[in-house]
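Below: one structure, written as structure tokens.
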Amino acid sequence: MAFNDLLQQVGGVGRFQWIQLTLVVLPLILMASHNTLQNFTAAIPTHHCRPPANANLSKDGGLKAWLPRNKQGQPESCLRFTSQQWGSTSANGTEINSTGATEPCIDGWIYDNSTFPSTIVTEWDLVCTHRAFRQLGQSLYMVGVLLGAMVFGYLADRLGRRKILILNYLQTAVSGTCAAFAPNFPTYCTFRLLSGMSLASIAINCMTLNMEWMPIHTRACVGTLVGYVYSLGQFLLAAMAYAVPHWRHLQLLVSVPFFAFFIYSWFFIESARWYSSSGRLDLTLKALQKVARINGKQEEGAKLNIEVLKASLQKELTIGKGQASALELLRCPTLRHLFLCLTMLWFATSFAYYGLVMDLQGFGVSIYLIQVIFGAVDLPAKLVAFLVINSLGRRPAQMASLLLAGICILVNGVIPREQSIVRTSLAVLGKGCLAASFNCIFLYTGELYPTVIRQMGLGMGSTMARVGSIVSPLVSMTAELYPSIPLFIYGAVPVVASAATALLPETLGQPLPDTVLDLDNRRRRKPRRHQQEQQKQMVPLQASA
């Protein structure tokens, strides 16, 4: 009896699975909001220099007499005249002289608060010479995501999924709330980094805990559901940001609910599969019997005992007692093969995704509408991915999504910029394919790695995704050499990486591996089948001879 059979015995997909799935997935709605939160909390409104305190703004052009104009005729954002340009007023129809001596905005800035009444940019003047600090806040958040994927991925394999989730919910609630009350920018960045660490762990632990409690035939459905919940979070962020435009209030709105998630997470049931791979048969039995009671399978649960588990989970007890370390990903040939191939897939997906998202900023519409479009594109893309994953398999879905995304981006690089409709359509299609790739890679990675190192594998994959998201903005700087170079790079990387999928095994309908030996057996099974087929074909030939 395999572990999947034990799950079927205690109810399969019963009341417990639906309740815990819902409660574990619910926080992902706000996790999506946190990931793109600075699109709104760090928005840059129109601004210009504040005139000197003793300036006379009641005559001779008023404020306009202090503001030089750029080539488009708009006021400069970071410069002002050293003295008021007398006689260049708009009252008598003459244009303001833009040839006078200028200076930086030493008295601060005046912001247009019509769309964003308050952002971290307007509160701490993160414009002009301090503009780079705005990106620093998001970069540190991504650094936190990278660190969280590594640190908490390792701890989840050591301490369990449930304990780490409880800690992560509390950390997100506290750090997010503190960021809303941050008195200065360094403090804000510190709490954003801590939020990134915990949110990265919530993402990978959510997928793992749900997958380890679900029978084989439902895993693709769970992965797709998680992806749709994340897309729903993008819609929700647009609505919340529109209703609550003040950055401190918005930051608080997406953080406080994690206190509720922290409270109810104490009722989660730890993965019985993780217990068994850790050699804790007593806790495995207790968890399975508790699930059986919730699912109304008390009699089936009563049939389970230590002896039954020993017979059913013998390999987990004999081989899975020792926890694998992170070095095993490179030291063990089988795991090293998985790690290198999956690293390429994670990096390419995130690298191209964030490169394309930056290019989509040229829609020329409201930022709230752009946020909705980003979420809307994911819905049909993830539905198609689900159908392919469930019918053809994980490997074809992963390869096709990356390959098609790369082709869309490459074609976009050769289309003239004047054909905006065609370019936008290809960008939207490419973004949808990359969203489908993200959906597939989470499921595929969890199914490929054995239980003893599954969280570490997901954590390292998420780490490589974060590296891709950090490198992606640097590539956009090559546009100064030739405008289409970034698109060629963004498109080439997923096309090349898609080839790595051919080196990975298919997991459709396969039980989750618990140990490295399971992976080796899976790889040996195919050559043996091939040899058996050859032997069967040779028997008639020998008989006829």
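The values are calculated or read from the model by the stated rules, or taken from the named source; none is laboratory data. No experiment lies behind these values; they were computed from the predicted model shown. Cβ placement follows ideal geometry from the backbone for every residue including glycine, while neighbour counts extend to all protein chains displayed. Just so you know, the surface numbers come from the protein's heavy atoms only, side chains and all, with ligands and any DNA or RNA stripped out. Shrake-Rupley method; radii C 1.70, N 1.55, O 1.52, S 1.80 Å.
Going residue by residue through region 38-50, is there one that turns out to be open to solvent by 50 Å² or more (accessible area, probe 1.4 Å), modelled with pLDDT under 65 and not in a helix (DSSP H, G or I)? Within region 38-50 (the criterion being open to solvent by 50 Å² or more (accessible area, probe 1.4 Å), modelled with pLDDT under 65 and not in a helix (DSSP H, G or I)), the answer is no, since none of the residues qualifies. Under the condition of being assigned to a loop (DSSP other than H, G, I, E, B) and exposed (fewer than 15 other Cβ atoms within 10 Å of the Cβ), the residues counted in region 375-394 number 1.
Yes/no matrix, rows are residues, columns are (1) of a type outside the set (A, V, I, L, M); (2) touching a Ser or Thr at 6+ places or on another chain (Cβ under 7 Å):
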position: GLY148; (1), (2): yes, yes
position: VAL151; (1), (2): no, no
position: ASP157; (1), (2): yes, no
position: ARG161; (1), (2): yes, yes
position: LEU167; (1), (2): no, no
position: ALA173; (1), (2): no, yes
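Looking at THR122, is it of a type in the set (Val, Ile, Thr), more than 20 Å from the chain's Cα centre (by Cα), under 22 Å from ASN39 (Cβ atoms) and surrounded by fewer than 20 Cβ atoms within 10 Å (Cβ to Cβ)? So THR122 fails the test. Looking only at region 418-433, decide whether some residue is polar (S, T, N, Q), part of a helix (DSSP H, G or I), crowded, with 23+ Cβ neighbours inside 10 Å and touching a residue at least 12 places away in the same chain (Cβ under 8 Å). Looking through region 418-433, none of the residues is polar (S, T, N, Q), part of a helix (DSSP H, G or I), crowded, with 23+ Cβ neighbours inside 10 Å and touching a residue at least 12 places away in the same chain (Cβ under 8 Å). Taking first residues from region 21-36 that are part of a helix (DSSP H, G or I) and partners that are among the small types (Gly, Ala, Ser), the Cβ contacts under 6 Å between residues at least 6 apart in sequence or on separate chains come to ILE29/GLY233; ALA32/GLY233; SER33/GLY233. For the residues GLY461, GLY509, the requirement of being in contact with a His (Cβ under 8 Å, 6 or more places away or on another chain) and in contact (Cβ under 8 Å) with a residue 12 or more places away in the chain singles out GLY509. Give me a count of the residues in region 160-204 that are over 13 Å from PHE261 (Cα atoms), among the aromatic types (Phe, Trp, Tyr) and assigned to a helix (DSSP H, G or I). Summing the residues that are over 13 Å from PHE261 (Cα atoms), among the aromatic types (Phe, Trp, Tyr) and assigned to a helix (DSSP H, G or I) in region 160-204 gives 3.
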